[in-house]
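J.: This is the structure, below, for whatever I ask next.
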Amino acid sequence: MTRPKHLLLLPGLLCDAALWRHQATHLADQYEVQVADLTQDNSVAAMAQRALAAAPPTFALAGLSMGGYVAQEIMRQAPERVERLALVDTNARADTEEQRKNRAALISLADVGKFKGVTPRLLPNLIHPSRMEDPSVAGVVMEMAERVGQQAFKRQQEAIMDRKDGRGDLEAIRVPTLILAGRQDALCPPKVQDEMMERLANGKLVLIEDCGHLAPLERPEAVTAVFRYWLG
């Protein structure tokens, strides 16, 4: 299999290109790297269409969390364009009823002007406890959320709460697929990574130690090294 020339990266909820800064910088010696804009649309299908419209004809594809949902949708819409796939700190399930209610409540709060981005209280869900005081991780998370902002947050939450269960669709994926996650990811724990792996014909699972939900930012060198192996 030939090595891809292009790498398309998909950020998570309230994240932007800063999530992937290390990977984009350090893989630019061999790949054309592009970070998709997932802030404009309120459905996963529309996010996927926008990313595809801006992408080269073929590419390797990596998505984190919400970006992973969009990556799975791209595999449904245009599987022939994807040469390799990485699903990072994500899962293939739809939201539960309780999760949907929680997201609806957050949208309602944002509607009345109570959007606070990522607060220190929310950080333990996103990053490993050892990085709570690290400005290069915790600070970047809060800055990204501020840049993405209230309106995009509402659109992204609507998209996430309406996404489909994609577990069955994983069985159709044939390209080399990396499942990568922090071992201490509180939002997408190892059991959901195992669940995806069981359905993939050509999958590899990598769990990164001492790492929460934002692996590319928390353990950038490790993620970039694994990506180099996956891409090569």
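J.: Taking GLN99 as the residue in question, decide whether it is among the polar types (S, T, N, Q) and touching a residue at least 40 places away in the same chain (Cβ under 8 Å).
T.: In short, yes.
J.: Mind checking which residues of the range 187-201 are out of contact with any strand residue (DSSP E or B) (no Cβ under 9 Å at 6 or more places or on another chain), under 20 Å from ILE127 (Cα atoms) and assigned to a helix (DSSP H, G or I)? Break it down stepwise before answering.
T.: Keep residues of the range 187-201 that are out of contact with any strand residue (DSSP E or B) (no Cβ under 9 Å at 6 or more places or on another chain), which gives 187, 191, 195, 198-199.
Filter once more, so that each one left must be under 20 Å from ILE127 (Cα atoms): 187, 191.
Of everything in the range 187-201, just one residue is out of contact with any strand residue (DSSP E or B) (no Cβ under 9 Å at 6 or more places or on another chain), under 20 Å from ILE127 (Cα atoms) and assigned to a helix (DSSP H, G or I), namely LYS191.
J.: Let me ask you something else. Can you say whether GLU146 is surrounded by 16 or more Cβ atoms within 10 Å (Cβ to Cβ) and acidic (Asp, Glu), as far as the supplied structure shows? Give the steps one after another, and end with the answer.
T.: On the way: surrounded by 16 or more Cβ atoms within 10 Å (Cβ to Cβ): no; acidic (Asp, Glu): yes.
Taking the combined requirement at face value, the residue does not satisfy it.
J.: Take the residues in the range 160-192 that are in contact with a His (Cβ under 9 Å, 6 or more places away or on another chain) and touching a residue at least 60 places away in the same chain (Cβ under 8 Å), then tell me which one is surrounded by the fewest Cβ atoms within 10 Å (Cβ to Cβ).
T.: ALA186
J.: If you go through the range 5-22, how many residues are buried (at least 23 other Cβ atoms within 10 Å of the Cβ) and over 27 Å from GLN150 (Cα atoms)?
T.: 1
J.: Can you list residue pairs whose Cβ atoms sit under 6 Å apart, with the first residue in the range 39-65 being in contact (Cβ under 8 Å) with a residue 40 or more places away in the chain and surrounded by fewer than 18 Cβ atoms within 10 Å (Cβ to Cβ) and the second being not in a loop (DSSP other than H, G, I, E, B) and not acidic (Asp, Glu)? Count only pairs 6 or more apart in sequence or on different chains.
T.: Cβ pairs passing all conditions: ASN42/ARG155; ASN42/ALA159; SER43/ALA159; PRO56/HIS6; THR58/ARG81.
J.: Within the range 193-202, does at least one residue satisfy the condition of being crowded, with 22+ Cβ neighbours inside 10 Å, more than 18 Å from PRO11 (Cβ to Cβ) and under 17 Å from the mean Cα position of the chain (by Cα)?
T.: yes
J.: For the range 202-218, does any single residue satisfy the condition of being among the polar types (S, T, N, Q), modelled with pLDDT of 95 or more and assigned to a helix (DSSP H, G or I)?
T.: Step one: list which residues in the range 202-218 are among the polar types (S, T, N, Q), which gives 202.
From what's left, modelled with pLDDT of 95 or more: 202.
With the extra rule that they be assigned to a helix (DSSP H, G or I), the set shrinks to none.
Checked the range 202-218: no residue is among the polar types (S, T, N, Q), modelled with pLDDT of 95 or more and assigned to a helix (DSSP H, G or I).
J.: Among the residues of the range 105-123, what is the count of those that are surrounded by 13 or more Cβ atoms within 10 Å (Cβ to Cβ) and in contact (Cβ under 8 Å) with a residue 12 or more places away in the chain?
T.: The total comes to 7.
J.: Against the condition over 15 Å from the mean Cα position of the chain (by Cα), more than 24 Å from ALA94 (Cα to Cα) and of a type outside the set (Gly, Ala, Ser), how does VAL175 come out, does it pass?
T.: Working: over 15 Å from the mean Cα position of the chain (by Cα): yes; more than 24 Å from ALA94 (Cα to Cα): no; of a type outside the set (Gly, Ala, Ser): yes.
Against the criterion (over 15 Å from the mean Cα position of the chain (by Cα), more than 24 Å from ALA94 (Cα to Cα) and of a type outside the set (Gly, Ala, Ser)), VAL175 does not qualify.
J.: Mind checking which pairs have a first residue in the range 208-232 that is under 19 Å from LEU122 (Cα atoms) and a second that is in a helix (DSSP H, G or I) and among the acidic types (Asp, Glu), Cβ under 9 Å, 6 or more apart or different chains?
T.: As it stands, the answer is ASP210/GLU218; CYS211/GLU218; GLY212/GLU218, since those pairs meet every condition given.
The values are calculated or read from the model by the stated rules, or taken from the named source; none is laboratory data. Since we're looking at a predicted model, the values are computed, not measured. Every residue, glycine as well, gets a Cβ built from its backbone with ideal geometry; the counts of neighbours run over all protein chains shown.
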